[in-house]
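The values are calculated or read from the model by the stated rules, or taken from the named source; none is laboratory data. Here the structure is a predicted model, which is why all the values come from computation and not from measurement. Cβ placement follows ideal geometry from the backbone for every residue including glycine, while neighbour counts extend to all protein chains displayed. Protein only, heavy atoms only, side chains kept; ligands, DNA and RNA dropped before computing areas. Shrake-Rupley method; radii C 1.70, N 1.55, O 1.52, S 1.80 Å.
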Amino acid sequence: MLQNLFFLAEVVGLMAFAASGAMLAAEKNLDIFGIWVLGMVTAFGGGVIRDLLLGITPPAMFSNYIFFLLATLTCCVVFLSYRFSGQVQSKGFDYRTVVNCFDAVGLGVFSVSGVSVAIDAGYAENPLLSVTVGVVTGIGGGMIRDILNSEIPSVLRKHIYALAAIIGALLYYLMAVELKLPLLALPCGIAATFSIRMAATWYHWHLPRPLDRN
Amino acid sequence: MLQNLFFLAEVVGLMAFAASGAMLAAEKNLDIFGIWVLGMVTAFGGGVIRDLLLGITPPAMFSNYIFFLLATLTCCVVFLSYRFSGQVQSKGFDYRTVVNCFDAVGLGVFSVSGVSVAIDAGYAENPLLSVTVGVVTGIGGGMIRDILNSEIPSVLRKHIYALAAIIGALLYYLMAVELKLPLLALPCGIAATFSIRMAATWYHWHLPRPLDRN
Amino acid sequence: MLQNLFFLAEVVGLMAFAASGAMLAAEKNLDIFGIWVLGMVTAFGGGVIRDLLLGITPPAMFSNYIFFLLATLTCCVVFLSYRFSGQVQSKGFDYRTVVNCFDAVGLGVFSVSGVSVAIDAGYAENPLLSVTVGVVTGIGGGMIRDILNSEIPSVLRKHIYALAAIIGALLYYLMAVELKLPLLALPCGIAATFSIRMAATWYHWHLPRPLDRN
């Protein structure tokens, strides 16, 4: 049951991250393979970093045909949508909001999945390690996507991005390890990160900056 | 015999990648150590990523004096050529084509070498894993080079780049594992990737984009 | 004694790198979490790469509360200094020199620490591997910082950056392994890298470039 739920969550996060990368590439009018590469790198980046950090080699995601096919399918759907709409560069359609939303789903899923894999690997006793692995897993895919795409990474630029990942990862850790409720912890952790990110975008929440100009 | 051929191929790929990185640095008029660093990172980047993914630590390339000296020598030759010609920024000389050509050699060699090392590490039964490791090894060095050099990575921008790596890696896998012809597979895989990349550059082959404007 | 000295050096290097990343983020007026993320990535980046290369998983730094707290504290101090001075973008204060100085401390400490951890991991017989791991550890954190910050990495741009790391790492290796004086080697290696970097900045030392225009 828990494993099925976890698998389902990873599929959703993977497809959401793939869509976020593919859309950014499509907006730049890259060809279909550029779109696929950026989608795949975003989808698999966080999980591969997670597995390297935990010494799980080769990364588990590299031998999962279902993940591979679903992420590829997502990239194809993005390509075809752009191709048939015949529009790039956000004419009459706020693509940033859509990318942001997909990104928040992926961030939530992978922050929690990182903690969960760290716990399974035997680090339940070590909250700092587990939560750090979770946060790095969550922000890793999007960070690689933004670097490849020559943008300042979301994790530096966006309001309450790393903080949302930390809250989701910490909530999952506390519920799964301290309260021993992993089944409930999974949706709660993901929902916490996702809703904080969405609320921060929607209400323009700010964290203090050295100089508050606007 | 196979091992010698494989070693020779790796030396050629390493020097070609080193030359591509060193030339891009020289065109920006970086100093001799900047040229050397970009050359070395490009030459060793893919192989180090490959070894990390397969759990071969420390990466085998880090203790190979021959590789180290030949890559360093390549960077020196590039530096001296630029120094004595007294020209940077491509006056009367289409350096992009030369870089592209070296890059295609490196891409071919390392895509195939990645599959080969994955097979040797015991993953012959797993085509998705072997080919993925091969493709990541092939595109890894050039990707790091382009990111350090503040360019949009070739793998996103160039026509038929990731596709060429996939075809070479897949061809090697099929010939080496299914047909059990590793000796023939090595030159065929490399040649496939190299010639597809060169033909795509020469004939301006395009893959479909969301908006085909020119 | 040696272990205490080594621990102390790592704390100093970690805080110096954290300050360099946090200051660059603060100068761009990123919010407090952006400042913290760039500081932490710079502080921990090199050490995490070092541990991955040597197969030490999960990276040792991920379970060290003291390192985590001190690096976080450093980022907070940087944030508060900027907040209360109410100035960004280097008005009346040459922040580049300060960042450079912190960066040189971190470079010295981590170049030496990389060699030291490689020797402890059983590679004392292998100078190429040990020194390479040291240099990659030293330049890794700053390289990730500059890439995330959308700058051309210091290691390509700055005079005598990689060379300073190599000299410090080599000196430590020779003194610790050949002369068997690790206790003396530690301050000497760090001081060598630091003073070469500082002197190169101060006296505008140049290495030859393809075209010496100014």
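Under the convention that each Lys and Arg Cβ holds +1 and each Asp and Glu Cβ holds -1, the size of the dipole of region A:37-124 around its Cα centre is about 280 debye.
Restricting region A:46-106 to trypsin sites (Lys or Arg not before Pro) that sit in a DSSP loop and have at most 10 other Cβ atoms within 10 Å of their own Cβ leaves A:Lys91. Residues of region A:140-171 that lose at least 40 Å² of accessible area (1.4 Å probe, protein heavy atoms only) when the other protein chains are present, relative to their chain alone, are A:Ile147, A:Leu148, A:Ile152, A:Leu156.
I'd like the orientation of helix A:95-118 relative to chain A: the angle between its Cα long axis and the longest Cα principal axis, in ° from 0 to 90, rounded to 10. The angle comes out near 20 degrees.
Sparsely packed loop sites in region B:121-214 (the GluC sites (Glu not before Pro) outside DSSP H, G, I, E and B with at most 15 other Cβ atoms within 10 Å) comprise B:Glu125, B:Glu151. For the modelled label position 7 Å from the Cα of B:Glu125 along Cα-to-Cβ, which residues of region A:56-78 have backbone nitrogen atoms closer than 15 Å? Label zone hits: A:58, A:63-64.
Across the copies of the chain, C:Thr97 has label points (7 Å from Cα along Cα→Cβ) spaced 4.9, 4.9 nm apart, shortest distance listed first.
A Förster distance of 51 Å, applied to the separation of the beta-carbon atoms of A:Ser81 and C:Ser81, puts the FRET efficiency at 0.60. The distance separating the Cα centre of region B:154-197 from that of region C:135-202 comes to 39 Å. When +1 charges are put on Lys and Arg Cβ atoms and -1 charges on Asp and Glu Cβ atoms, the dipole computed for the protein assembly as shown relative to its Cα centre reaches about 1420 debye.
Within the listed set A:Ala71, A:Ala191, A:Ala22, the residue fluctuating most in the Gaussian network model of chain A (springs between alpha-carbon atoms under 10 angstrom) is A:Ala191. For chain C, the longest principal axis of the C-alpha atoms and the axis of helix C:2-27 are separated by about 30°. For region B:1-108, the convex hull spanned by the alpha carbon atoms encloses 104 Å³ per residue.
On the protein assembly as shown, 70 percent of the accessible area sits on carbon and sulfur atoms, based on a 1.4 Å probe. For chain A, the longest principal axis of the alpha carbon atoms and the long axis of helix A:127-148 meet at an angle near 10°. Going by the alpha-carbon gyration tensor, a ≥ b ≥ c the square roots of its eigenvalues, is region C:63-214 rounded (a/c under 1.5) or, if a/c is not under 1.5, prolate (a/b greater than b/c) versus oblate? Since a/c reaches 1.5 but b/c is at least a/b, the shape of region C:63-214 is classed as oblate.
Hey, got the average number of other protein chain Cβ atoms within 10 angstrom for residues in A:46-59? Working shown, then result.
Numbers: counts 0, 0, 4, 2, 1, 3, 9, 7, 3, 9, 2, 10, 13, 7.
Average per residue, whole number: 5.
A probe of 1.4 angstrom, applied to the heavy atoms of all protein chains, finds B:Met175 with accessible area near 20 square angstrom.
Chains B and A: how much accessible area gets covered up at their contact, both sides added, probe 1.4 Å, in Å² to the nearest hundred?
Numbers: alone 11150 and 11140 Å², together 19600 Å².
Buried area (both sides, nearest 100 Å²): 2700 Å².
Comparing the full protein assembly with the isolated chain, the residues of region B:110-129 losing at least 40 square angstrom of accessible surface (1.4 Å probe) are B:Leu128, B:Leu129. Centroid-to-centroid, using Cα positions, region C:1-38 and region A:34-51 are 28 Å apart. So which trypsin sites (Lys or Arg not before Pro) in region A:119-214 end up in coil per DSSP with only 16 or fewer other C-beta atoms within 10 Å? Answer in residue order: A:Lys180, A:Arg213. Place the label 7 angstrom along Cα→C-beta at C:Val12 and in each other copy, then list the distances from the first to the rest in nm, shortest first. Taking the point 7 Å beyond Cα along Cα→Cβ, the inter-copy spacings are 5.1, 5.1 nm. Between identical copies, the spacing of C:Ala199 label points, each set 7 Å from Cα toward the C-beta atom, reads 5.7, 5.7 nm from nearest to farthest. Note on the protein assembly as shown: dipole from Cβ charges, positive end direction compared against A:Ala124, C:Leu163, C:Leu70; the farthest Cα belongs to C:Leu163. For the protein assembly as shown, the per residue solvent-accessible surface stands at 40 Å², with DNA, RNA and ligands left out and a 1.4 Å probe.
Heavy-atom accessible surface of B:Asp94, to the nearest 10 Å², is about 90 Å², with a 1.4 Å probe and all protein chains retained.
Since only C:Ala25, A:Leu54, C:Ile196 are under comparison, the one whose Cα sits farthest along the positive direction of the charge dipole of the protein assembly as shown, derived from C-beta charges on Lys, Arg, Asp and Glu, is C:Ala25.
Across region C:68-214, the relative contact order, built from alpha-carbon pairs under 8 Å that are at least six residues apart, equals 23 percent.
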